[in-house]
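Visitor: Okay, here's the structure, questions in a sec.
The values are calculated or read from the model by the stated rules, or taken from the named source; none is laboratory data. Just so it is clear, the model here is predicted, and its values are computed rather than measured. Quick reminder, even Gly has a Cβ in these numbers, built from the backbone with ideal geometry, and neighbours come from all protein chains shown. Quick note on the areas: whole protein, heavy atoms, side chains included, nothing else; ligands and nucleic acids left out. Shrake-Rupley method; radii C 1.70, N 1.55, O 1.52, S 1.80 Å.
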Amino acid sequence: MNELVAITDKRWVIEHIGIYAEDEIKRIRDLGLVLTAYTNRYIYWDGAILAADLGPEKARRIVPMRSLREAGVHVSLATDNVPPTLFHSIWNVVARKPVASDQAIGGEECLDREEALAAATLEGAYLTFEEDQKGSIETGKLADLAVLSADPLTCAEDELPDIVAELTIVGGRVVYDRALDGDPTGYEEEPS
């Protein structure tokens, strides 16, 4: 295959990770694969069901962010556009709480807030070979940033999913101002 179309020096992505065992994590690392994690489904919506099926000893295998990170696997958070904000995904990997529950599933797999933010920013840039241009605020990188409604490092844990952009700057130009444009998410909760 490589003779016809070069496949070396690519970043092969597995999307929608769900449940992985230790041997699978090692293979992913050894193959140099990168992942996107769809935590809204596997932790928030289906987490309690999956944990019940797996049992308490194996619940940590549900989106095992800590194990993946410690193995050296690059994992970017994803939303699949529902909801469109990554702050739900950040909260999912920090709290690991399924819908209608205060109990974390596989709590030993929780990331701290800085690690979760890196998974949402730096790791996303890494997936697309843009880690030298995007993903962090550094000299020489693009000056794209957002002013947030709360500090994700210090706000109450359960407030993480409610964070919104108050102001968004791309290329040094304001492209969104919540005071002028209203609701930034356009997302409505499903009726109960």
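Visitor: What do you get for Rg/Rh over the chain if you use C-alpha atoms and the Kirkwood form of Rh?
Guide: 0.99
Visitor: Round to a whole number: what % of the accessible area of the chain belongs to carbon and sulfur, probe 1.4 Å?
Guide: Heavy-atom surface of the chain belonging to carbon and sulfur, 1.4 Å probe: 51 percent.
Visitor: The stretch 1-73: percent of C-alpha pairs farther apart than 16 Å?
Guide: 53 percent
Visitor: Using only the alpha-carbon atoms, what does the stretch 50-105 span along each of its principal axes? Please give whole angstrom values in decreasing order.
Guide: Result for the stretch 50-105: principal-axis Cα extents of 32, 31, 16 Å.
Visitor: Can you tell me the Rg and Dmax of the stretch 16-116, counting just the alpha carbons, in angstroms?
Guide: Gyration radius and largest Cα-Cα distance of the stretch 16-116: 12.4, 37 Å.
Visitor: Which longest run of the chain has no exposed loop site in it, a site being chymotrypsin sites (Phe, Trp or Tyr not before Pro) in a DSSP loop with at most 15 other beta carbons within 10 Å, and the site itself not part of the run?
Guide: My reading of the result: 13-128 is the longest stretch.
Visitor: Also, quick follow-up: Considering only 42, 20, 63, whose Cα is most displaced toward the positive end of the charge dipole of the chain, charges sitting on Cβ of Lys, Arg (+1) and Asp, Glu (-1)?
Guide: 20
Visitor: Quick check for you: with a 1.4 Å probe and neighbouring chains kept, what is the accessible area per residue of the stretch 49-192, in Å²?
Guide: 57 Å²
Visitor: When the gyration tensor of the stretch 79-177 is built from Cα positions, what are the square roots of 5 times its three eigenvalues, in whole Å, from largest to smallest?
Guide: Those come to 26, 16, 12 Å.
Visitor: Nearest 500 deg cm²/dmol is fine: what mean residue ellipticity at 222 nm does the chain get from its DSSP H runs of n ≥ 4 alone, each adding -39,500 (n - 2.57), divided by its residue count?
Guide: Value at 222 nm, helices only, nearest 500: -7000 deg cm²/dmol.
Visitor: Let me know the charge dipole size of the stretch 17-70 about its Cα centre in debye, to the nearest 20, where only the beta-carbon of Lys, Arg (+1) and Asp, Glu (-1) is charged.
Guide: Computed charge dipole of the stretch 17-70: roughly 160 debye.
Visitor: Next question, about the same structure. With labels modelled as points extended 7 Å from the Cα through the Cβ direction, what inter-label distance (nm, one decimal) is found for residue 142 paired with residue 13?
Guide: The modelled label-to-label distance comes out at 1.4 nm.
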